[in-house]
Each structure stands twice: as C-alpha cells, then as structure tokens.
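Here is the structure we will look at.
Any read-out appearing in this document is the output of simple, stated calculations on the displayed coordinates, not a laboratory observation. Note that the structure is predicted; figures quoted are calculated from it, not measured. Cβ atoms come from the backbone with ideal geometry, glycine included; neighbour counts cover every protein chain shown.
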Amino acid sequence: MIFLIKYERFLESYKPLIIIPVVITIIAIILALTIGLEEGIELKGGTTVAVQLEKPVSQGELKTLISDGISNQQVDVTVSKNQATVEIAGHADVVKLSSVLEGTGTISSYRSVGPVLGKESMTQIYYALAFAFIFMSITVFIIFRDLIPSIAIITVALSDIIIAIGGMSLFGIPLSVASVGAILMLIGYSVDTDILLTTRILKRKEGTITERAVTAMKTGLTMAVTSISSMVTLYLVVIFLIPSAQTLADIAAVLIIGLTADILTTWLMNLGMLRWYLEPRK
C-alpha cells in the first residue's frame, strides 16, 4: 500500500519518466548495431551432434579433443553427466568425428544444416516477426479505434522487442528459431499488459487517471512478477541441472530481459503517453 501511494506521487511528474525507457531503447539499438547478434546453428549452417560419453570428461577437454581432431576451432560443447551436445560451424564428417571420439564417447544423433537452409530459415524468421507485428498493430487499432492510444501500445511493443534484442547482443544469446519464438511470445505478453492498462484508463470513468493506473498496475505487476519468476526458475534449472537443454535457457533469458523491459515501457512510457493524451481533455 505504501508503495502504491508513493507510486501515485511519482506518476504526477510523468513526462520525464517517458525518457527512461526511451534511453534504454536507444542503448539497446546501439548494442545491437555495435556488438551484433550471434546466429544459431540452424541459421548460419553447421552441425549439431549428441554424444553419449563413455568416461568422465570436462567440457574444455572435450572441446579441445574435437577441435584438434577435426581441425575446426569453432566448436561449442555442453556436457551434462554422461551426455554432451556439440555444435560445429560448417559441415563435419561424421566418420571422422566418430574416430576422434573413439574411447571417449559415441555419437547418438547427428544433424547437419547447410548455409542455404540457414538463409531460408532467416528469411522465414523475418517474415514471422513482420507478420506478427503487423497483425498485432491492426488488432490494436480495431480494438481501440483511437490513434494515440494505439500508437502508444505499438511503440511499447516495439521497444520491448528492441530491448530484448539488445540484451541478446549484450549477453551473447544466439538468434535462433527458439529465441525468435521467445520474441513472438514477448509481443503477445507486451500487448496484453498494455491493453490491460489502456482499457482501464480509457474505459473506466471513476477516479483520476493515476488512481485507475494504480488499479491496473496491481494486476499488471502481479502478472509480470509471476512470469519473470517462472522464467528465472526455468533458467536456473537448466543451467545447474540440465545444461544440455541450452535452448530452454536461451528462451528463458530472452523472456526475462523482455518482461523486465515491459515493466518499464508499460508503466512509464505507455502510461505517460496516455496521460499526455488525456489531460487536455479533462
């Protein structure tokens, strides 16, 4: 209750608050442009191999063994108990790799993706993101039939995506089918919380704008904290218990970054834009 009272006072100076998520979004753009995004195996082409280990071996030792054996330094290895996942840039000869692993482990599965398929996957990913965003924008305009609130929701969703991508660049999370799926999930979540806020502000007439915002915030923050806690739990479980399931960790990490960003963009940027739009109409 004390927090909500302080938040009401805090929101009275809403215009400077809009700058905070804007600055974070700009920083994310700079990170994405300067650091860039690492592409996953399915996008850049390469080989993914599952290895059943026959004896204890460290991640570093297995990586060195494979790198030296196939003369390829672009090798990523994840070891979990008696299993290992190996990602190799480019094509790797399965017979040669089996020979290198002799006495250490046996190959249980092998998947090679060519660069052509990688380019096709990237194109499909761009189309998926574009169609999802366009469809979301049209849906928002249909729901509210009001230009400024609709633009506010779309702007916030775009900021969430940009910040998530900036976080992926900063923390080295690869761009893959899984991480793109997480971004698509983030679009849905972002729009959901912003529609909740906008509906409470525009449709309800009782109370001031700040009082309506605080009511919406009780529900919105509960949703956000619950979702972030779930993703943090998933991330920690994967990292410490099942490191071979790195894909799940990447999905969780993208959502943690995006959902955290959504708290700022929704309750500072979107709310600030709504107040700026509605106050002259009082």
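Numbers for the structure displayed
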quantity	calculated
Added length on full extension, which subtracts the Cα-Cα distance from 0.36 nm per residue, Tyr110 to Leu33	24.3 nm
The range 46-113: C-alpha gyration tensor shape, a/c 1.5 cut-off, then a/b vs b/c	rounded
Cβ-based net charge around Leu62, under 15 Å, with every Lys or Arg adding one and every Asp or Glu removing one	-3
Loop-located trypsin sites (Lys or Arg not before Pro) in the range 12-97, at most 11 other Cβ atoms within 10 Å (DSSP)	Lys81
Proximal aspartates and glutamates to Lys63, defined as alpha-carbon separation beneath 14 angstrom and excluding residues fewer than eight positions away on the same chain	Asp76, Glu87
Partner aspartates and glutamates for Lys55 [C-alpha distance under 12 Å; skip if fewer than 8 residues away on the same chain]	Glu102
The range 21-86: GluC sites (Glu not before Pro) in DSSP loop, at most 13 other beta carbons within 10 Å	Glu54
Cut-off 14 Å between beta-carbons: net charge of the residues surrounding Glu206, Lys and Arg +1, Asp and Glu -1	+4
Structure-based [θ]222 nm, the chain - -39500 (n - 2.57) summed over DSSP H runs of at least 4, per residue, nearest 500	-23500 deg cm²/dmol
Zone residues, the range 140-180, relative to Leu202, backbone N less than 15 Å from point 7 Å out along Cα-to-Cβ	140-157
Sum of side-chain charges, Pro243 neighbourhood, beta-carbon under 15 Å (Lys, Arg +1; Asp, Glu -1)	-1
Stretchable slack from His91 to Lys218, in nm (0.36 nm times residue separation minus alpha-carbon distance)	40.5 nm
Listed residues Gly60, Gly181, Gly166, most fluctuating in the chain (Gaussian network, C-alpha, under 10 Å)	Gly60
Table column - 3J(HN,Hα) (Hz), the range 205-211, Karplus curve with 6.51, -1.76, 1.60, x for Gly and Pro	10, 6, x, 7, 4, 5, 5
Additional length obtainable on full extension of the chain from Val237 to Phe141, 0.36 nm per residue less Cα span	30.6 nm
Among (i) 22.2; (ii) 21.1; (iii) 19.1, the entry that matches Kirkwood radius over Cα pairs in Å as calculated here	(ii)
